[in-house]
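First comes the structure, then the notes that go with it.
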Amino acid sequence: MSRHRSSRPSTTDVPSAVEAVVDLGAIAHNVGVVRQRSRAGVVAVVKADGYGHGAPQVARAALDAGAAELGVATVSEALALRRAGITAPVIAWLHTPTTDFTAAVAAGVEVVVSSARQLAQVATAAARLGVTATVGVKADTGMGRSGVTPADWAELRDAVVGSTAAGSVVLRTAMTHLARGDEPHHPLNDRQVACLDARVAELSHAGAPPQVVHASNSAAALTRPDLSRDLVRAGIAIYGRTPVPEFGDFGLIPALTLTAEIALVKKIAAGDGVSYNHTWIAPRDTTVAVVACGYADGVPRALSNTLTVAIDGRRFTSVGRICMDQFVIDLGPDSAGVTEGDRAVLFGTGTAGEPTALDWARCAGTIDYEILSGIRGRVVRRYVS
């Protein structure tokens, strides 16, 4: 049996007012870029529904392109991949006291633990099922987030050694997360990886050597191959967005283009206000178009009066407040040939002059990770290669 099989797509044959076109060929290309630059195997991170691209579809494309395994934040995300028929290795690293470790162990999900308490819960679940659980350990080497702290490391290390000796778990992964990976030459990156190496040495000396080690995120994978260990965890890079824009795009290809249909075209007179509170007043007689997409679909309301879209290669600016379901663009007095039913490109690769997710992020004062993972609501995905 292959390690993954197809499942029903999340798209529909019925045209949608708001559509995200996902290029799976770009996903495959980007996995190759990360492998080449990092000189290591790739964990394709498909948390948050594949950063808004669709986790099962991205997972299959990444695995077909040579990704070694998949990474998600939560067990529920991992189980969703299993329900989609994906049998490749999956790791999950963020857990709460209510996490169902029994379901994770039964599904063959690798549970990466950050405390001795979590390890004990996984071991108990394995004993209940009569199986050996696959686990990993996450060390907090400077991120200050999830991961076992230096003060608690010895307790977790000894618990891992004991559980491994008892046969209740097998240790597969040791990992950490870089706090300043997008600052490639910051000394903290080297210190964090050195700290992880020391943790790995301790485990190995105690008789519980990890099978794989990884620290690098997308930024470090692309810029610091010397920090690569067995694998690198690539998130934003496999979706074609550069994690360090000042260093260029590394040859990555953005995989998602967001489009929306023009619902209405109409003329308005000079002095007319548009949308809530009339934050834009027409300075002249003009023609406006209503775009059938709003903040419920992931368009930041903060981009009101600044968002631009592309229609047939021409850019138009939004006017008035962005609403839950719609926003308005100014076409100019002659309507620029735009008609109802045309599609506006909200963001894409940028190669045809359209805005990009990074453009949106900069205008909204955020990062393109948030823009991509914020796509939701009535957006229908269509997959191409």
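The values are calculated or read from the model by the stated rules, or taken from the named source; none is laboratory data. Because the structure is predicted, anything quoted here is derived from the model rather than measured. In this analysis, Cβ positions are derived from the backbone assuming ideal geometry, glycine residues included, and neighbour counts consider all displayed protein chains.
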Query raised in the report: Do we have Thr141 as among the hydroxyl-bearing types (Ser, Thr, Tyr), under 30 Å from Gly52 (Cα atoms), at pLDDT 95 or above and touching a Cys at 6+ places or on another chain (Cβ under 7 Å) here?
Result: yes
Query raised in the report: So which pairs qualify, if the first residue must be in the range 76-104 and over 23 Å from Asp64 (Cα atoms) and assigned to a loop (DSSP other than H, G, I, E, B), the second must be among the hydrophobic types (A, V, I, L, M, F, W, C) and modelled with pLDDT of 95 or more, the Cβ gap must be under 7 Å, and the two must be at least 6 apart or on different chains?
Result: Trp93/Ala73; Trp93/Val112; Leu94/Ala73; His95/Val75; Thr99/Val75; Asp100/Val75
Query raised in the report: Does Ile329 count as in a loop (DSSP other than H, G, I, E, B) and among the β-branched types (Val, Ile, Thr)?
Result: no
Query - Failed criterion for Asp152 (all others in (1) more than 23 Å from Arg233 (Cα to Cα); (2) part of a loop (DSSP other than H, G, I, E, B) hold) - result: (2)
**Report entry** Only one of Ala159, Ala133, Ala151, Ala165 that is in contact with a strand residue (DSSP E or B) (Cβ under 8 Å, 6 or more places away or on another chain) and either outside the structural domain of Leu203 (by TED's automatic domain parsing) or at pLDDT 95 or above (or both)
**Finding:** Ala133
Report summary line: Every listed condition ((1) part of a loop (DSSP other than H, G, I, E, B); (2) of a type in the set (D, E, K, R); (3) without any contact (Cβ under 8 Å) to a residue 24 or more places away in the chain; (4) under 23 Å from Thr176 (Cβ atoms)) holds for Asp249 save (4)
Query raised in the report: Which numbered condition trips up Asp312, out of (1) in contact with a strand residue (DSSP E or B) (Cβ under 9 Å, 6 or more places away or on another chain); (2) at pLDDT below 95?
Result: (1)
Report task. Answer yes if at least one residue in the range 274-288 is of a type outside the set (S, T, N, Q), touching a Ser or Thr at 6+ places or on another chain (Cβ under 8 Å) and modelled with pLDDT of 95 or more, and no otherwise. Result -> no
Report summary line: Ser163 meets each of (1) surrounded by 15 or more Cβ atoms within 10 Å (Cβ to Cβ); (2) free of Cβ contacts under 8 Å to residues at least 60 places away in the same chain; (3) within 22 Å of Gly142 (Cβ to Cβ) with one exception, condition (3)
